[in-house]
1. Among what's in segment 206-233 and is in a loop (DSSP other than H, G, I, E, B) and touching a residue at least 40 places away in the same chain (Cβ under 8 Å), pick the residue that is nearest to Thr188 (Cα to Cα).
2. Are any residues in segment 25-41 touching a residue at least 40 places away in the same chain (Cβ under 8 Å) and not basic (Lys, Arg), and if so, which ones?
3. Give the residue, chosen from Thr50, Thr83, that is surrounded by fewer than 22 Cβ atoms within 10 Å (Cβ to Cβ), touching a Ser or Thr at 6+ places or on another chain (Cβ under 9 Å) and either assigned by TED's automatic domain parsing to the domain that holds Met130 or closer than 13 Å to Ile172 by Cα (or both).
4. Have a look at Val28, Val57, Val74, Val48 and point out the one that is in a loop (DSSP other than H, G, I, E, B) and hydrophobic (A, V, I, L, M, F, W, C).
5. Quick one: would you say Glu150 is acidic (Asp, Glu), touching a Ser or Thr at 6+ places or on another chain (Cβ under 6 Å) and in the same structural domain as Leu23 (by TED's automatic domain parsing)?
6. Could you look through segment 120-159, keep only residues that are under 20 Å from the mean Cα position of the chain (by Cα) and assigned to a loop (DSSP other than H, G, I, E, B), and pick out the one that is nearest to Ala212 (Cα to Cα)?
7. Based on this model, can you work out whether Pro87 counts as in contact with a strand residue (DSSP E or B) (Cβ under 8 Å, 6 or more places away or on another chain) and in a loop (DSSP other than H, G, I, E, B)?
Amino acid sequence: MLIGIDPGHGGKDPGTVNKTLGLQEKTVTLQIAKKLDSLLKYNNVDTVMTRTADKFVSLKDRVKLLNDARVNYVLSIHINSFTTGKPRYISTHIVARGGKAEQLAKKIQQKLVAAVNWPDGGVRVSNFYMVRETRAPAVLVELGFISHLETAKQLQQTAIQRRLAVALAQGIAAQLGIPFTQPETTFTDIQGHWAEKEINWAVKQGLFKGVAEDRFAPDEPVTRAQLAVVLKRFYDKLQIKAGFAGHEGN
């Protein structure tokens, strides 16, 4: 299976904007899309993204890329907006009822609402270009309203972005009929790294921590101070184990 991931907007097209926070739709959609891409690959699902950086890609070019790749499903990621700051629901859009697109949309919508507990906007029929022109069954998600201040503040948070990405991945996995497994860590920058297993082990043992919730920075140099902290943690673990061994011996 090949999943097409389309982070809405990009480059000269910021999408919707929350002027109070200076938050742009194009930034959030890309961050969530990258997390989703990593989660799907971790679960052995192949992906293709219409953009992986802050650059402008026309709708026509996005559709051509996905159609040429012969993806099995398309997921386009967006954030809604309104003239007032009142609406805050989350919704999923398809071009017509029936078929695999609606099946996927229902699964995704259920996971999204459960993940963030925002009002349920349901699965809606909309004539969006990305769901109309792609050959594969296509779904477009509107992940809340950037015009709603509290929602926008949440969308800035890495934890919320990851929850949304996990919900999207779970919905796709359910549609594909495969189990969904989350990585041992939430670091998106160690997937495929030559030391991925060792990093996961060191973090699980409590010897290392990431530089952010979803970033480990595996190739950044370690300072003498950081090394001292790691050695102290390792020493403390040895002492605890030695204490247990001594207690058992008595």
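1. As a first pass, look at segment 206-233 and keep what is in a loop (DSSP other than H, G, I, E, B): 206-211, 213-214, 216-223.
With the extra rule that they be touching a residue at least 40 places away in the same chain (Cβ under 8 Å), the set shrinks to 213-214.
Working: Glu213: 9, Asp214: 6 Å.
So the residue we want is Asp214.
2. Selection gives Glu25, Val28, Thr29, Gln31, Ile32, Ala33, Leu36, Ser38, Leu39, Leu40.
3. On the way: Thr50 fails: surrounded by fewer than 22 Cβ atoms within 10 Å (Cβ to Cβ).
The match here is Thr83.
4. Val57
5. Here the answer is no, as Glu150 does not meet what is asked.
6. Top of the filtered list is Gln157.
7. Yes: the conditions hold for Pro87.
The values are calculated or read from the model by the stated rules, or taken from the named source; none is laboratory data. Just so we're clear, the structure is a prediction, and the values are computed from it rather than from any experiment. As a convention, Cβ positions derive from the backbone with ideal geometry for all residues, glycine included, and neighbour counts pool all protein chains shown.
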